[in-house]
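Enquirer: Quick one: the structure is below, and I'll ask about it shortly.
Only the coordinates and a few stated rules stand behind these numbers; no lab work does. Nothing here was measured: the structure is a model prediction, and the numbers come from that model. All Cβ positions, glycine included, derive from the backbone under ideal geometry; neighbour counts span all protein chains shown.
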Amino acid sequence: MENHLSTMLGSKLINKENEAVDPSTLAADGKVVGLYFSAHWCPPCKGFTPKLAEFYNNLKKSDKADKLEIVFVSSDRDSASFEEYFAEMPWLAVPYDDRQRKDKLSKKFKIRGIPTFIILDSVTGKTITEDGRSCITEDPEGKEFPWHPKPFNEVIGTKFVNNKKEEVSLESLKGKFLCIYFSAHWCPPCKAFTPVLVEIYNKLKGENKQVEVIFNSSDRSEESFDQYFSTMPWLAVPYGDPRIKQLSKLFQVSGIPSLVVINEHGEVITKEGRTAVAIDPDGKEFPWYPKPVNNLTGHAAGVLNDESCLILFTEGEEADMTAATEIIQPVAEEICNKYKDTGEDPPLLFFIGGDDEIVDSIRDFCALDDKVPLLTILDIPEQFLYIYDGEDITPETVKQFVDDYLAGSLKGTPLRG
C-alpha cells in the first residue's frame with residue numbers, strides 16, 4: 001500500500017538530536033500522527049506547547065505509548081528561533097530549511113492561524129481531526145484519544161423542536177435531505193441570509209421536495225434564540241443542547257451563517273450551502289451536488305483565496321461558456337473522481353471565466369490582457385500564476401497542463417504584491 005503520510009511529509013524528518021527519521025517508519029495500524037503548526041514568536045503557541053508536551057509524555061508512559069507521534073511544522077522566522085523552540089519539544093520536526101514542505105503542508109491543511117494541531121491516520125494519511133488543540137484542552141487525559149469524529153447519524157440525535165416549541169422526532173424526517181443551518185440573532189450576515197433561506201425553503205416545500213432545515217443556534221441567550229427562531233418555518237436543535245457544539249465541531253464551522261446539506265444516509269453533499277443558495281435562489285439544482293466545473297462569479301472569491309484554481313477565460317456568450325466547459329470537463333471529472341472517496345479535497349478547482357466583475361478583477365490582479373481563450377492556473381495561497389502558452393486549448397492539452405502543474409514542473413510567475 002502506498003504510504004500517503006510519507007508522501008505528504010517528504011523524504012526526511014528530524015529528531016531533537018538532528019538525526020534523520022524516515023517518515024515511512026511512522027506508519028502503523030492504529031497509530032496516528034499529529035502535525036503541530038506553531039512558532040516561537042507566537043504567544044498562544046508558547047502557551048499551548050507545554051500542554052501538548054505534557055499530554056505526549058504522559059501518553060508515552062501509558063499502554064498507548066506507540067499510538068502517537070507528533071511532527072512540528074515550524075512558522076519560525078529564522079533557524080535560530082526554530083532550534084531554540086524545537087529544543088523544548090520531545091517529538092519530531094520537518095527540517096527548518098525545508099520551507100517548501102512547510103508551505104505545502106500549510107496550504108494542504110489551509111492553516112490560517114497558529115497553533116494548529118491536526119491529527120492524521122498514519123497509514124492512510126486521512127485527517128481524523130483538524131481541531132486537535134481543542135481535543136487536548138477538553139480531554140487532557142486522552143480518554144477519547146485519538147478523537148475520531150462521531151458520524152452525523154450519531155451526533156444529530158432524535159428530537160428537535162418547531163417554533164411553537166413542539167417536539168419533532170428524527171423518524172419523521174426519514175428520507176429527507178437535511179440542511180443544518182448555523183446562525184445567530186446577533187450576526188448581521190445571518191439576519192440578511194435567513195429571509196433568503198426562508199424563501200427558497202418555502203419554494204422547495206411547495207414543489208414537494210423532500211427537505212428540512214434544522215437551525216443550529218449560536219445565540220447567546222434563550223430569549224434571543226426564541227425571538228430569532230420565531231422568524232423561521234423549520235426545526236431547531238433546542239437552545240443549550242450539547243448537540244449544538246457537537247455539530248459545529250463535526251462540520252468544522254468557523255463562521256456563520258453556514259449551511260451544510262446532508263443526504264438521506266447522513267452523508268455530506270455540500271458544506272457550501274450558503275453559496276449554493278446565492279447562486280441558485282430558485283433551487284433548480286437542489287440539493288446542490290458539487291460540480292467539477294463552475295462559472296467564475298463573485299461567490300467564488302473566497303475560494304480563490306484558499307485554493308489553487310484552473311481558470312479558462314473565454315467570451316461571456318452562452319455558446320462560448322458551454323464550449324469552454326466541455327474542454328476542461330474531462331480532466332476536472334477525473335480529478336474529482338480520484339479524490340471523491342479519499343476524504344481529501346482535490347488539489348485543483350476548475351472554473352470558466354466569462355462576463356462577470358470578478359473576472360475583470362482577477363485579470364487586473366494578475367496583470368492579464370483581454371486575450372480569450374486563455375488558460376491559467378491561479379495559486380493565490382502560494383502566490384503564483386501559471387499561463388498555458390500553447391496554440392490550441394483542447395481536453396488533451398488541458399490534461400497535460402494540469403499534470404505538469406501537479407508534478408511541479410510548470411514555471412510560474414510570482415503574483416505582484
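Enquirer: I want to check the label-to-label distance for E166 and S79. Put each point 7 Å from Cα in the C-beta direction and report it in nm to one decimal.
Expert: Output for this residue pair reads 7.2 nm.
Enquirer: While we're looking at this one, here's another question. Taking segment 144-207, which GluC sites (Glu not before Pro) meet the DSSP loop condition and have no more than 12 other C-beta atoms within 10 Å?
Expert: Counting only loop positions with at most 12 other Cβ atoms within 10 Å, the GluC sites (Glu not before Pro) in segment 144-207 are E144, E166, E207.
Enquirer: What ³J(HN,Hα) values, in whole Hz, does the Karplus curve 6.51 cos²θ - 1.76 cosθ + 1.60 give for segment 22-30 when θ = phi - 60°, with x put for Gly and Pro?
Expert: 6, x, 5, 6, 7, 6, 7, 4, x
Enquirer: Determine the alpha carbon to alpha carbon distance for each of K16/K104; K338/K371; K12/K107; K165/K284 and list only those over 29 Å.
Expert: The answer is K338/K371; K165/K284.
Enquirer: While we're on this one: Could you pull out every Cys in the chain that lacks a partner Cys with its beta carbon under 4.7 Å away?
Expert: Within the chain, the cysteines lacking a partner Cβ under 4.7 Å are C135, C179, C309, C336, C366.
Enquirer: Between segment 59-98 and segment 226-261, what is the separation of their alpha carbon centroids in Å?
Expert: First find each Cα centre; the distance between them is then 37 Å.
Enquirer: Here's another thing I want to ask about it. Summing -39500 (n - 2.57) over the DSSP H runs of n ≥ 4 in the chain and dividing by its residue number, what mean residue ellipticity at 222 nm do you reach, to the nearest 500 deg cm²/dmol?
Expert: Values: 14 runs with 145 residues, N = 417.
It comes out at -10500 deg cm²/dmol, rounded to the nearest 500.
Enquirer: Now for a separate question. Please report Rg over Rh for segment 21-68, where both radii come from the alpha carbon positions and Rh follows the Kirkwood definition.
Expert: When Rh is taken as the Kirkwood radius, the ratio is 1.04.
Enquirer: Continuing with this model, one more query. Kyte-Doolittle cut-off -0.5, length cut-off 24 Å along the helix's own axis using Cα: show which whole DSSP H helices in the chain pass.
Expert: Details: long enough: 43-60 (26 Å, -0.66); 188-206 (28 Å, 0.09); 318-339 (30 Å, -0.15).
Result, helices passing both filters: 188-206, 318-339.
Enquirer: When N counts the residues of segment 276-377, how does its alpha-carbon radius of gyration compare numerically with 2.2 N^0.38 Å, as a ratio?
Expert: Computed over Cα atoms of segment 276-377, the ratio equals 1.08.
Enquirer: Of the listed values (i) 134; (ii) 158; (iii) 169, grab the one calculated as volume of the Cα convex hull per residue in Å³ from the structure here.
Expert: (iii)
Enquirer: Only sites in a loop by DSSP and with at most 11 other Cβ atoms within 10 Å count here; which GluC sites (Glu not before Pro) in segment 229-321 make the cut?
Expert: Answer in residue order: E267, E285, E317.
Enquirer: Taking the highest mean first, how do the peptides 349-355, 214-220, 20-26 order by number of other beta carbon atoms within 10 angstrom per residue?
Expert: Listed from highest to lowest mean packing, they are 349-355, 214-220, 20-26.
Enquirer: How about segment 65-101: which trypsin sites (Lys or Arg not before Pro) there are in a DSSP loop, with at most 13 other Cβ atoms within 10 Å of their Cβ? Kindly include the intermediate steps, with their values, before the conclusion.
Expert: Numbers: sites: K67, R77, R99, R101; in loops: K67, R77.
Qualifying residues, ordered by number: R77.
Enquirer: Right, next: Enumerate the calculated ³J(HN,Hα) couplings along segment 264-279 in order (Karplus 6.51 cos²θ - 1.76 cosθ + 1.60, θ = phi - 60°), each rounded to whole Hz, writing x wherever the residue is Gly or Pro.
Expert: Once θ is set to phi - 60°, the couplings for segment 264-279 become 5, 9, x, 9, 6, 8, 7, 9, 10, x, 4, 5, 4, 5, 5, 7 Hz.
Enquirer: Taking H as built 1.01 Å from N, whose amide H comes closer than 5 Å to the amide H of I70, not counting residues under 5 places away?
Expert: G34, L92
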